[in-house]
1. Hey, can you rank 174-186, 41-53 by average C-beta count inside 10 Å, highest first?
2. Here are some pairs, LYS76/LYS106; LYS121/LYS164; LYS7/LYS106; LYS7/LYS164; LYS100/LYS176; which of them have Cα atoms lying more than 23 Å apart in this structure?
3. With a 10 Å radius around each residue's Cβ, average the other Cβ atoms per peptide and rank 104-115, 73-84, highest first.
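Nothing in this text is a laboratory measurement; each read-out follows from the coordinates by a stated rule. Source: prediction; values computed, not measured. So basically every Cβ, Gly included, is an ideal-geometry build from the backbone, and we count neighbours across all protein chains shown.
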Amino acid sequence: MDFTEGKGLYMTAFTTASAAALVIRRPWANYVILTIGIMISDPGRMSSSADTWRTIDRGGMTSELDALGNELTTLKTTLADQWEGAAFEKFTEAYNEFTKSLDTLKSTRNNAGEAIDQSAKLYYWGARICGLIAGLMAAYATLLVAFRFSAPFVSQVVDFKLGKIAVEATRKVALKHGIALGVLAGLMYTAITQSEASGKAFPMMQAIPTEISALKSGAMPEFTNVGVDYDIPSGQLLPSQSDLTGGLG
């Protein structure tokens, strides 16, 4: 469904309601104008942005996560033919954990994309409703000019009923907009948080066991005096020697 005209509908509704309010001159008319003004948005661009959140397999444009997962799978397959023992087992654990985080991130991004798309639909129909309310206000303003002096009682009755309908309708639309915005904010925050966590997960995982990690797991290290540690400042794996005296004397 095409939502590109949504912003134009909001602007038209706001302009029409503002013009009608100059004739109506009631507090409820000003409330309706303010509410419509707050709700002005661009459903068309919202719907387009949803594709940047969804992955390709869900009809979106994001392929980086799948590409990264495929590259890691290729790396794991290549290392399996050349690497074995505790070191490769440790790498496999890191790979499995990182793959799970990628799957979770994909799911969150797809959910966010779907939520944005549904919100675009909600905002679009909100624009339609605002246009209808503005049209009723314009019609009432026209009748008000015609009957204000000839039938003031009729204009007062219509004013009360129309004011109540307009205020309730715009309030409900604004409430739904607020709920949708809150859901979107929560999903986007979750997606951003998971993206940062996934980005840090693999580099911080211990791909090669040291003597300490081997002892904690109940296995003996493959080397008695030599280990490899991850040096945080340099970002490199550096050799470490715990004891060089044994066997030299």
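1. The densest-packed peptide leads the list: 41-53, 174-186.
2. Among LYS76/LYS106; LYS121/LYS164; LYS7/LYS106; LYS7/LYS164; LYS100/LYS176, the Cα-Cα distance tops 23 Å for LYS121/LYS164; LYS7/LYS106; LYS7/LYS164; LYS100/LYS176.
3. 104-115, 73-84
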